[in-house]
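Nothing in this text is a laboratory measurement; each read-out follows from the coordinates by a stated rule. Model, not experiment: these values are computed from the prediction. Please note: Cβ atoms are built from the backbone with ideal geometry, for glycine as well, and neighbour counts cover all protein chains shown.
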Amino acid sequence: MDCLREVRDAIDTAAATDRATFARRTRNAVAQAVVAGALDPRVRAPDRAPPVEAVRALVGDELAADLTALYAGGDDWTSRAIGVLEPLHQLARAR
């Protein structure tokens, strides 16, 4: 199982989506990962690098850094996941 697969897939769409769509898709994937992680928190190392510049262009430096750190996984990925939910939600709701 890899709880972050859908999160990585959502982040990978940064270059092909608008800000609100990206934020909504990524927020939903992160929320699902947190729930799945409660049952089995294991994640695999990513097999690709995140699209850092495309993410940064959509969400700014700070949130992009948080998302790319989440993309990498690691022992504390759930804390990073919870931390990005609110900023993503705000961007998803912005008009």
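If the condition is being assigned to a helix (DSSP H, G or I) and exposed (fewer than 15 other Cβ atoms within 10 Å of the Cβ), then region 70-80 contributes only 79. Counting the residues of region 25-65 that are more than 16 Å from residue 9 (Cα to Cα) and either of a type in the set (S, T, N, Q) or in contact with a Gly (Cβ under 7 Å, 6 or more places away or on another chain) (or both) gives 0. Do the conditions hold for residue 93, that is, is it more than 18 Å from residue 9 (Cβ to Cβ), among the basic types (Lys, Arg) and loosely packed, with under 12 Cβ neighbours inside 10 Å? The answer is yes for residue 93. Of all residues in region 22-53, exactly one satisfies the criterion of being more than 13 Å from the chain's Cα centre (by Cα) and within 19 Å of residue 89 (Cα to Cα), namely 35.
Restricting attention to region 30-54, which residues are surrounded by fewer than 21 Cβ atoms within 10 Å (Cβ to Cβ) and small (Gly, Ala, Ser)? Correct list: 31, 36, 37, 38, 45, 49, 54. For residue 8, all conditions in the list (1) crowded, with 19+ Cβ neighbours inside 10 Å; (2) farther than 21 Å from residue 93 by Cβ; (3) over 11 Å from the mean Cα position of the chain (by Cα) hold save one; what is the number of the exception? Unmet for residue 8, out of (1) crowded, with 19+ Cβ neighbours inside 10 Å; (2) farther than 21 Å from residue 93 by Cβ; (3) over 11 Å from the mean Cα position of the chain (by Cα): (3).
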